[in-house]
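Reviewing the structure listed below.
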Amino acid sequence: MGNWFAAGGVVMWPLLLCSLLTFALGIERGWFWLRLGRQQPGLVPQVLTTFSQSPQGAIAKLKQYQQLPIARIFLAALTLDDATPEEFRLALESAAQAELPVLKRFQTLFETVVGIAPLLGLLGTVLGLMRSFSTLRLGETTGPAASGVVSGLDEALTSTAAGLVVALLALLLANLFQGLYRRQRAFIQEAGGKLEILYRRAQRQGTISSRVYLPGQGP
């Protein structure tokens with residue numbers, strides 16, 4: 001592995017940095033989406049069911065999961081003072097928009113690695129070919145000149161392959177997390193719509209006032 005890395009030339013160092021960055025961010029994003037996938041599907045039905053019976057109980061439940069985006073979105077609307085149905089909907093939408101950067105975190109970095117890794121590999125190719133041509137002597141097929149040509153070609157091919165591998169890894173992760181992001185947006189819209197329907201029904205039926213009090217507070 002050390003010989004292979006050395007054969008790639010100077011561009012292998014930035015490619016190594018890109019690969020380590022991609023690997024580390026992939027682990028962080030993977031853990032983030034795994035946690036959401038485990039906790040959110042069970043939390044939202046519980047909150048919606050509890051809200052129909054006790055808005056304060058729903059708020060108390062959400063406050064236990066404030067690390068989740070959907071919990072923060074629901075809390076932003078449920079804790080709004082004197083909220084009309086229209087204000088409740090706007091609070092949900094505003095909170096959802098505020099959570100989008102959290103869901104798309106590091107996406108730009110993945111896309112950057114996808115773009116620059118092949119270019120670094122191409123740079124290594126050019127440098128390797130330049131090295132080959134600089135040692136090439138007309139009529140010489142053996143000796144130091146031939147060794148220099150082989151070494152330059154080795155650098156060119158190794159750096160190209162490394163750049164493509166890093167770019168492919170970053171592209172796979174970027175597409176995976178982009179797909180999870182889209183599914184999460186759809187989930188937030190669906191859950192927010194259900195909560196808004198329950199809120200409007202509760203107000204029409206008079207089972208809830210225009211203000212939802214926090215636990216421990218009174219009217």
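Taken together, the values in this text are just the output of simple stated rules run on the coordinates, not laboratory data. Model, not experiment: these values are computed from the prediction. We place every Cβ from the backbone using ideal geometry, glycine too, and count neighbours over all the protein chains shown.
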Only counting other Cβ atoms within 10 Å, I'd like Arg89, Arg38 sorted with the fewest neighbours first.
Arg38, Arg89
Return the tail of the calculated pair distribution for segment 1-50, meaning the percent of Cα-Cα pairs more than 17 Å apart.
59
Length gained, Val165-Ala24, 0.36 nm per residue minus C-alpha separation, equals 49.1 nm
Under the Kirkwood approximation applied to all pairs of distinct alpha-carbon atoms, what is the hydrodynamic radius of segment 89-134 in Å?
13.8
Kirkwood Rh over alpha-carbon pairs of segment 11-205 plugged into Stokes-Einstein at 4 °C, 1.567 mPa s gives a D in µm²/s of 64
Computed magnitude of the charge dipole of segment 11-205 (debye, nearest 20; Cβ of K, R +1, Cβ of D, E -1):
640
Could I get the Rg over Rh figure for segment 48-121? Both from C-alpha atoms, Rh via Kirkwood, rounded to two places.
1.25
Going by C-beta contacts inside 10 Å, put Ser132, Ser54 in order with the fewest on the left.
Ser54, Ser132
Listing Leu36, Leu119 by rising number of other beta-carbon atoms within 10 angstrom, fewest first, gives Leu119, Leu36
